[in-house]
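*Asks:* Sharing a structure below in structure tokens format, with a few things to ask.
The values are calculated or read from the model by the stated rules, or taken from the named source; none is laboratory data. Quick caveat: nothing in here was measured; it's all calculated off a predicted structure. Cβ placement follows ideal geometry from the backbone for every residue including glycine, while neighbour counts extend to all protein chains displayed.
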Amino acid sequence: MESMIRDIKLAPSGHDKINWVKNFMPVMAAVDKEFSVSKPFAGKKMVITLHLEAKTAYMAEIFQHAGAEVAITGSNPLSTQDDVAAALVEDGLHVFAWHGCTPEEYDTFINKALDIHPDFVIDDGGDLVHMLHTKRRELLSGIVGGSEETTTGVHRLRALANEGKLEFPMIAANDAYCKYLFDNRYGTGQSTWDGIMRTTNVVIAGKNVVIAGYGWCGKGGAMRARGLGANVIITEVDPIKAIEAVFDGFRVMPMDEAAKIGDIFLTLTGDKDIIRKQHFEVMKNGAILANSGHFDVEINIPELESLSVSRRTVRKNIEEFKLHDGRKLYLLAEGRLVNLAAGDGHPAEIMDLSFGVQFFSALHLLKHGKEMEKGVHLMPEEINTKIAKIKLKSMGVAIDTLTPEQRAYLSMA
Ligand SMILES: NC(=O)c1ccc[n+]([C@@H]2O[C@H](COP(=O)([O-])OP(=O)(O)OC[C@H]3O[C@@H](n4cnc5c(N)ncnc54)[C@H](O)[C@@H]3O)[C@@H](O)[C@H]2O)c1
């Protein structure tokens, strides 16, 4: 099957990127070592829709080493790295992705990848599963199962399952401890600020940073903004999360108030219209707007555009919106997840855990998928412990073990 990528000549730089991240992914190296010999996925086909950068590429290759035929697409038009895509083609995967694809091309890529008729799928955000349940329903009966990488995708899956329409078992990889505790919090926390800083080259210390959403990603974004010296303000709709933010030492207020004083705005909610017309109208001249939630709907760009007399790119990944009254607001990465569209995504050490979750979820589906009910499943708890143990060992960190007396004491009625 012919791949669709920008330019195969970019492959050497892609190989360099993949080889670099391998140095920091010991869990995946252990997986590769074991399963490239036993090849449990021999004869199986897998479609992966994920942010197509180096860590994802390494995982895709490990599935290939484990015997699978793999087709891969990007999960966001701006997060695909064309050199990495080219390297994967050289390594024999079917790749359908390029940076900056149109919405039509994005759909075509998923469609093409599905032409391998997968047994297993890995999705990020729900577009692949959506395509299977709409335009490619003829493939549904062949799917043993799949897993979903992110919070927004899990929301969409649960909505589908609640309507009784999810046609195969899906593991909510996002909801495994070894995923969200580290990826959503520390991964998003660091990589989002990396994306903002490399794009804007501004100092964060002393700025009023407004973070919308104090979930796992919001906590990470807030923690790292504080570490950089920002005055952090949180907006929330959940009273419990709001109290948590207060006791973590942050100011909490409605967006209507925060909009007037923020220098940098960061949305991390998975919800839409977090920053909209009434907020743009009161913002300070020069305010910077960024999103790290899954879709580009958290900052209402059509409303921002309707308030503007001009929109132009002033630096790579920065657009200036000049408002009627002369104020200028700066939008990063078209309001798409700034850490991936304007950066390299999470650090490799973090994705080592997330992709460990993905690999072992797929292995679980390989062994048990046919007996699992249609619907959304959690990854079995013992897999979290297994992944954590490999990671700790690779980090050179030892921990205590319960004595028999302690175990008996803790299980006393
Ligand atoms: N950038 C990345 O690499 C990356 C990584 C992981 C997850 N994500 C995405 O980030 C988003 C958040 O994920 P999460 O795991 O933190 O979810 P979460 O459910 O833990 O947190 C979301 C928070 O946003 C709050 N919220 C919802 N609507 C709001 C509103 N109108 N105003 C203020 N707060 C609001 C919720 O109350 C909740 O506390 C999702 O879209 C997820 O898919 C991105």
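*Asks:* Which members of the range 209-242 meet the condition of being away from the ligand (no atom under 15 Å from the Cβ), more than 17 Å from LEU332 (Cβ to Cβ) and not in a helix (DSSP H, G or I)?
*Replies:* GLY229, ASN231
*Asks:* Let me ask you something else. Would you pick out the residues in the range 138-168 that are within 14 Å of the ligand (Cβ to nearest atom) and at positive phi?
*Replies:* Passing the criteria: none in range.
*Asks:* Note down all Cβ pairs under 7 Å where the first residue falls in the range 197-223 and is modelled with pLDDT of 95 or more, the second is surrounded by fewer than 19 Cβ atoms within 10 Å (Cβ to Cβ) and among the basic types (Lys, Arg), and they're at least six residues apart or on different chains.
*Replies:* From the range 197-223, the pairs are TYR214/LYS241; GLY215/LYS241.
*Asks:* Looking at the range 48-61, which of its residues are buried (at least 23 other Cβ atoms within 10 Å of the Cβ) and assigned to a helix (DSSP H, G or I)? Give the steps one after another, and end with the answer.
*Replies:* Kept after step one, since they are buried (at least 23 other Cβ atoms within 10 Å of the Cβ), are these residues of the range 48-61: 48-60.
Result: ALA54, LYS55, THR56, ALA57, TYR58, MET59, ALA60.
*Asks:* Of all the residues that make up the range 182-199, how many are near the ligand (Cβ under 6 Å from one of its atoms) and hydrophobic (A, V, I, L, M, F, W, C)?
*Replies:* Selection size over the range 182-199: 0.
*Asks:* What are the residues in the range 358-381 that are outside any helix (DSSP H, G or I) and among the aliphatic types (A, V, I, L, M), if any?
*Replies:* MET372, VAL376, LEU378, MET379
*Asks:* Looking only at the range 5-24, how many residues end up being within 23 Å of the chain's Cα centre (by Cα) and among the hydrophobic types (A, V, I, L, M, F, W, C)?
*Replies:* 5
*Asks:* When you scan the range 389-397, do you find a residue that is of a type in the set (Val, Ile, Thr) and more than 16 Å from the ligand (Cβ to nearest atom), even just one?
*Replies:* Going residue by residue through the range 389-397, those that are of a type in the set (Val, Ile, Thr) are 390, 397.
Now drop any that are not more than 16 Å from the ligand (Cβ to nearest atom), which leaves 390, 397.
Yes - at least one qualifying residue is present in the range 389-397.
*Asks:* Would you check which residues across the range 256-277 are more than 13 Å from the ligand (Cβ to nearest atom), over 17 Å from ALA222 (Cβ atoms) and either part of a loop (DSSP other than H, G, I, E, B) or in contact with a helix residue (DSSP H, G or I) (Cβ under 8 Å, 6 or more places away or on another chain) (or both) and list them?
*Replies:* Correct list: LYS277 only.
*Asks:* While we're looking at this one, here's another question. Among the listed residues VAL95, VAL70, VAL121, identify the single one that is surrounded by 21 or more Cβ atoms within 10 Å (Cβ to Cβ), within 22 Å of SER36 (Cβ to Cβ) and without any contact (Cβ under 8 Å) to a residue 40 or more places away in the chain.
*Replies:* Exactly one of VAL95, VAL70, VAL121 is surrounded by 21 or more Cβ atoms within 10 Å (Cβ to Cβ), within 22 Å of SER36 (Cβ to Cβ) and without any contact (Cβ under 8 Å) to a residue 40 or more places away in the chain, namely VAL70.
Residues are listed down the side, and each one gets a yes or a no for (1) under 21 Å from LEU78 (Cα atoms); (2) out of contact with any strand residue (DSSP E or B) (no Cβ under 6 Å at 6 or more places or on another chain):
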residue: VAL309; (1), (2): no, no
residue: LYS316; (1), (2): yes, yes
residue: GLU319; (1), (2): yes, no
residue: LEU323; (1), (2): no, no
residue: LEU332; (1), (2): yes, no
residue: VAL338; (1), (2): yes, no
residue: GLY345; (1), (2): yes, yes
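*Asks:* For the range 278-315, how many residues are within 10 Å of the ligand (Cβ to nearest atom) and either in contact with a Pro (Cβ under 8 Å, 6 or more places away or on another chain) or not in a loop (DSSP other than H, G, I, E, B) (or both)? Full working, then the answer.
*Replies:* The first filter runs over the range 278-315 and keeps only residues within 10 Å of the ligand (Cβ to nearest atom), leaving 291-295, 297-298.
Those still in the list that are either in contact with a Pro (Cβ under 8 Å, 6 or more places away or on another chain) or not in a loop (DSSP other than H, G, I, E, B) (or both) too: 291.
Counting residues in the range 278-315 that are within 10 Å of the ligand (Cβ to nearest atom) and either in contact with a Pro (Cβ under 8 Å, 6 or more places away or on another chain) or not in a loop (DSSP other than H, G, I, E, B) (or both) gives 1.
*Asks:* Which condition from (1) in contact (Cβ under 8 Å) with a residue 12 or more places away in the chain; (2) under 25 Å from HIS377 (Cα atoms); (3) assigned to a helix (DSSP H, G or I) is the one that SER75 breaks?
*Replies:* (3)
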